[in-house]
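The values are calculated or read from the model by the stated rules, or taken from the named source; none is laboratory data. Bear in mind that the values here come from a model prediction, so they are computed numbers and not experimental data. Please note: Cβ atoms are built from the backbone with ideal geometry, for glycine as well, and neighbour counts cover all protein chains shown.
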(Lines give C-alpha, C1' and ligand atoms only; values in the text may rest on other atoms or scores of the structure.)
Protein backbone atom coordinates (compact mmCIF):
# COMPACT_ATOMS: atom_id res chain seq x y z
CA UNK A 1 0.00 0.00 0.00
CA UNK A 2 2.84 2.38 0.85
CA UNK A 3 4.51 1.67 -2.50
CA UNK A 4 1.26 2.32 -4.36
CA UNK A 5 0.72 5.60 -2.50
CA UNK A 6 4.32 6.65 -3.15
CA UNK A 7 4.07 5.84 -6.88
CA UNK A 8 0.77 7.71 -7.17
CA UNK A 9 2.20 10.75 -5.38
CA UNK A 10 5.33 10.68 -7.56
CA UNK A 11 3.22 10.47 -10.74
CA UNK A 12 1.06 13.41 -9.69
CA UNK A 13 4.10 15.51 -8.80
CA UNK A 14 5.93 14.80 -12.06
CA UNK A 15 2.76 15.46 -14.07
CA UNK A 16 2.20 18.84 -12.42
CA UNK A 17 5.84 19.79 -13.00
CA UNK A 18 5.63 18.97 -16.69
CA UNK A 19 2.43 21.00 -17.00
CA UNK A 20 4.09 23.96 -15.32
CA UNK A 21 7.11 23.78 -17.64
CA UNK A 22 4.82 23.98 -20.68
CA UNK A 23 3.07 27.17 -19.56
CA UNK A 24 3.89 30.47 -21.28
CA UNK A 25 5.64 33.31 -19.48
CA UNK A 26 3.19 34.62 -16.88
CA UNK A 27 5.15 37.53 -15.42
CA UNK A 28 4.40 41.21 -15.88
CA UNK A 29 5.40 43.14 -18.98
CA UNK A 30 6.31 46.81 -18.61
CA UNK A 31 3.39 49.21 -19.08
CA UNK A 32 5.48 51.57 -21.20
CA UNK A 33 7.52 50.02 -24.02
CA UNK A 34 8.97 52.04 -26.89
CA UNK A 35 10.84 51.03 -30.02
CA UNK A 36 14.33 52.43 -30.58
CA UNK A 37 12.89 55.53 -32.31
CA UNK A 38 10.74 56.41 -29.27
CA UNK A 39 7.41 55.32 -30.77
CA UNK A 40 5.11 52.95 -28.84
CA UNK A 41 6.06 49.29 -29.31
CA UNK A 42 3.43 46.79 -30.49
CA UNK A 43 3.47 44.84 -27.20
CA UNK A 44 3.20 46.06 -23.61
CA UNK A 45 1.25 45.18 -20.44
CA UNK A 46 -2.02 46.71 -21.69
CA UNK A 47 -1.85 44.99 -25.10
CA UNK A 48 -1.00 41.67 -23.43
CA UNK A 49 -4.07 41.97 -21.18
CA UNK A 50 -6.21 42.63 -24.28
CA UNK A 51 -4.67 39.57 -26.00
CA UNK A 52 -3.02 41.58 -28.79
CA UNK A 53 0.31 39.92 -27.98
CA UNK A 54 1.74 37.22 -25.73
CA UNK A 55 4.99 36.88 -23.83
CA UNK A 56 6.52 33.46 -24.36
CA UNK A 57 9.83 33.35 -22.51
CA UNK A 58 12.12 35.40 -20.29
CA UNK A 59 15.92 35.24 -20.26
CA UNK A 60 18.21 35.46 -17.28
CA UNK A 61 19.18 38.93 -18.58
CA UNK A 62 15.62 40.31 -18.15
CA UNK A 63 14.70 40.14 -21.83
CA UNK A 64 11.24 38.87 -22.77
CA UNK A 65 10.31 37.25 -26.09
CA UNK A 66 6.91 38.41 -27.37
CA UNK A 67 4.66 37.46 -30.31
CA UNK A 68 1.82 39.49 -31.80
CA UNK A 69 -1.55 38.08 -32.74
CA UNK A 70 -1.88 37.02 -36.39
CA UNK A 71 -2.79 39.76 -38.84
CA UNK A 72 -3.21 40.24 -42.62
CA UNK A 73 0.20 39.53 -44.10
CA UNK A 74 1.56 37.69 -41.04
CA UNK A 75 -0.55 34.57 -40.47
CA UNK A 76 1.23 33.44 -37.27
CA UNK A 77 2.13 36.87 -35.86
CA UNK A 78 5.36 38.85 -35.56
CA UNK A 79 8.12 38.00 -33.11
CA UNK A 80 10.06 40.44 -30.99
CA UNK A 81 11.73 40.96 -27.66
CA UNK A 82 11.57 43.53 -24.91
CA UNK A 83 14.63 44.59 -22.95
CA UNK A 84 13.13 45.42 -19.57
CA UNK A 85 14.45 48.63 -18.07
CA UNK A 86 15.40 47.22 -14.67
CA UNK A 87 13.80 50.06 -12.71
CA UNK A 88 10.31 51.60 -12.83
CA UNK A 89 11.64 55.04 -13.80
CA UNK A 90 13.23 53.80 -17.03
CA UNK A 91 11.39 52.97 -20.25
CA UNK A 92 11.68 49.45 -21.66
CA UNK A 93 12.80 49.10 -25.28
CA UNK A 94 11.07 46.71 -27.70
CA UNK A 95 12.59 45.22 -30.85
CA UNK A 96 10.93 43.37 -33.72
CA UNK A 97 12.73 40.32 -35.12
CA UNK A 98 13.18 41.33 -38.75
CA UNK A 99 14.31 39.33 -41.78
CA UNK A 100 18.05 39.35 -42.30
CA UNK A 101 19.93 38.85 -45.58
CA UNK A 102 22.72 37.14 -43.63
CA UNK A 103 20.36 34.29 -42.75
CA UNK A 104 18.38 34.39 -46.03
CA UNK A 105 15.02 34.81 -44.25
CA UNK A 106 12.03 36.70 -45.60
CA UNK A 107 9.10 38.28 -43.74
CA UNK A 108 6.94 35.43 -45.03
CA UNK A 109 9.36 32.94 -43.42
CA UNK A 110 9.16 34.77 -40.07
CA UNK A 111 5.34 34.73 -40.18
CA UNK A 112 4.92 30.99 -40.90
CA UNK A 113 2.98 29.00 -38.29
CA UNK A 114 5.95 26.67 -37.60
CA UNK A 115 8.33 29.51 -36.67
CA UNK A 116 9.29 29.80 -32.99
CA UNK A 117 11.77 32.16 -31.31
CA UNK A 118 13.52 31.08 -28.09
CA UNK A 119 16.50 31.84 -25.90
CA UNK A 120 19.28 29.26 -26.18
CA UNK A 121 22.61 29.10 -24.31
CA UNK A 122 25.49 30.84 -26.06
CA UNK A 123 27.94 28.22 -27.33
CA UNK A 124 30.99 30.12 -26.08
CA UNK A 125 29.65 31.85 -22.95
CA UNK A 126 27.40 29.34 -21.17
CA UNK A 127 25.88 31.86 -18.73
CA UNK A 128 24.63 34.09 -21.59
CA UNK A 129 21.83 33.44 -24.07
CA UNK A 130 21.29 33.95 -27.79
CA UNK A 131 18.00 34.75 -29.50
CA UNK A 132 17.37 31.77 -31.79
CA UNK A 133 14.66 31.19 -34.40
CA UNK A 134 13.44 27.72 -35.32
CA UNK A 135 11.19 26.52 -38.11
CA UNK A 136 9.72 23.05 -37.49
CA UNK A 137 12.55 22.36 -35.03
CA UNK A 138 15.37 23.42 -37.38
CA UNK A 139 17.46 26.48 -36.46
CA UNK A 140 16.99 29.25 -39.04
CA UNK A 141 18.78 32.13 -37.32
CA UNK A 142 20.81 32.94 -34.21
CA UNK A 143 21.44 36.42 -32.89
CA UNK A 144 24.38 36.17 -30.55
CA UNK A 145 24.11 37.73 -27.10
CA UNK A 146 27.89 38.11 -27.15
CA UNK A 147 30.35 36.99 -29.83
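Quick check: anything in region 38-46 farther than 19 Å from residue 107 by Cβ, loosely packed, with under 12 Cβ neighbours inside 10 Å and modelled with pLDDT of 90 or more?
yes
Considering only region 53-68, I want to know if a residue exists there that is within 17 Å of the chain's Cα centre (by Cα), part of a loop (DSSP other than H, G, I, E, B), closer than 14 Å to residue 28 by Cα and in contact (Cβ under 8 Å) with a residue 60 or more places away in the chain. Lay out the reasoning, then the answer.
Applying the first criterion (within 17 Å of the chain's Cα centre (by Cα)) to region 53-68 yields 53-68.
Narrowing further to those that are part of a loop (DSSP other than H, G, I, E, B): 59-62.
Narrowing the set further to residues that are closer than 14 Å to residue 28 by Cα leaves 59, 62.
From what's left, in contact (Cβ under 8 Å) with a residue 60 or more places away in the chain: 59.
Scanning region 53-68 turns up at least one residue that is within 17 Å of the chain's Cα centre (by Cα), part of a loop (DSSP other than H, G, I, E, B), closer than 14 Å to residue 28 by Cα and in contact (Cβ under 8 Å) with a residue 60 or more places away in the chain.
Return the residues of region 129-147 that are out of contact with any strand residue (DSSP E or B) (no Cβ under 7 Å at 6 or more places or on another chain) and modelled with pLDDT of 85 or more; say none if nothing qualifies.
Just the residues of region 129-147 that are out of contact with any strand residue (DSSP E or B) (no Cβ under 7 Å at 6 or more places or on another chain), to begin with: 136-138, 146-147.
Across region 129-147, the qualifying residues are 136, 137, 138.
Quick check on this structure: which one of 141, 119, 134 is in a strand (DSSP E or B) and without any contact (Cβ under 8 Å) to a residue 40 or more places away in the chain?
Values: 141 fails: without any contact (Cβ under 8 Å) to a residue 40 or more places away in the chain; 119 fails: without any contact (Cβ under 8 Å) to a residue 40 or more places away in the chain.
Only one candidate passes the filter, namely 134.
Residues that are at pLDDT 90 or above, over 23 Å from residue 139 (Cα atoms) and in a loop (DSSP other than H, G, I, E, B): does region 69-83 have at least one?
no
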